[in-house]
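Worksheet for the structure shown next.
Derivation of every value follows stated rules applied to the coordinates shown; laboratory data play no part. Keep in mind that this is a model prediction, so the values were computed, not measured. All Cβ positions, glycine included, derive from the backbone under ideal geometry; neighbour counts span all protein chains shown.
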Amino acid sequence: MVFALAPPTSSRGPAARMTREISAKELCHERLGEDFARALSRYDTTRRVEVLVEDFLAGKTAGARALDVGCGLGFFSEALVKAGARVTACDLGANLVETTRQRVGCEARVADALALEDTFGRDSFDVVVSSECIEHTPDPRRALRSMSAVLRPGGWLSVSTPNRLWYPVVRAATVLRLRPFDGFENFSTWSGLRETLESSGLRVEREYGLHLYPFQLRLSGLSRWCDRNLQVLRGCMINLCVLARKDARP
């Protein structure tokens with residue numbers, strides 16, 4: 001099943017019409033509704049916020065125009081606002097967009113992560129943040145290129161996505177109905193992220209792995225210790241976090 005979405009005009013300005021058909025699998029988080037919040041791990045979300053916003057973007061957000069791609073329930077938009085950024089949140093799901101707008105009070109738009117330039121224009125943001133979004137699209141590499149297109153020269157991209165090494169475990173949990181997600185899960189590798197970012201005109205500045213073992217085991221103190229002290233093993237960690245900077249024009 002596919003949907004041709006035409007996002008409604010909001011009080012924050014008109015949204016661009018989608019230029020491709022959106023599959024039902026891309027709207028799995030929207031369909032979950034209130035179950036989405038219950039399915040999230042607050043520990044995992046907090047850790048990703050700490051790394052992508054509080055660590056990677058420390059000193060880079062005050063007064064910056066920032067885009068949160070795949071905003072979900074608004075945790076990263078909220079952190080960016082608290083860090084002094086002028087935030088625009090976007091997601092495919094209209095209800096998720098509205099939830100973030102009401103929760104955070106920032107601009108929020110329905111937009112396609114694979115075609116951000118159609119909605120926002122080229123070189124529009126100083127900072128782009130996207131956490132656990134690109135794997136839920138049919139083409140994660142295209143999503144990263146799309147984020148690069150709306151990032152101004154010299155701007156920063158802070159992104160996380162699951163490690164392909166862990167896909168069999170996640171898939172087994174889905175088959176056993178231990179998790180409710182039924183959308184795309186196109187996980188990445190460190191080398192794949194580097195190659196895509198570099199070919200898109202970005203320079204990788206930092207890499208950080210999260211969760212040497214599943215956070216569902218609730219050993220959060222040990223997990224944090226592993227994150228801090230065992231980055232040499234980040235190739236085996238569940239979440240890949242990357243900070244990249246777009247090359248400035250000569």
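Assorted remarks:
- Springs join every pair of Cα atoms under 10 Å in this Gaussian network model of the chain, and among ASN186, ASN239, ASN229 the largest mean-square fluctuation is at ASN229.
- Segment 104-207 has equivalent-ellipsoid semi-axes of 26, 17, 11 Å, by the square roots of 5 times the alpha carbon gyration tensor eigenvalues, sorted largest first.
- Contact order relative to length of segment 2-246, as percent, for alpha carbon pairs under 8 angstrom and 6 or more apart: 18 percent
- The GNM of the chain, with springs linking C-alpha atoms under 10 angstrom apart, assigns the highest mean-square fluctuation among GLY183, GLY93, GLY209 to GLY183.
- Of LEU176, LEU32, LEU230, the one that fluctuates the most in a GNM where the chain has Cα springs shorter than 10 Å: LEU176
- For segment 2-246, the spread of Cα positions along the three principal axes, ordered from largest to smallest, is 46, 40, 32 Å.
- With the charge dipole of the chain set up from +1 on Lys and Arg Cβ and -1 on Asp and Glu Cβ about the Cα centre, the Cα lying farthest toward the positive end among the listed residues TYR43, ALA108, ALA89 is that of TYR43.
- Simple Cβ-charge dipole of the chain, Lys/Arg +1 and Asp/Glu -1, about Cα centre, in debye nearest 20: 340 debye
- For segment 177-238, pairs of C-alpha atoms spaced more than 15 angstrom apart make up 63 percent of the total.
- Here the Karplus curve 6.51 cos²θ - 1.76 cosθ + 1.60, taken at θ = phi - 60°, turns the phi angles of segment 205-211 into couplings of 9, 8, 10, 8, x, 10, 6 Hz, with x standing for Gly and Pro.
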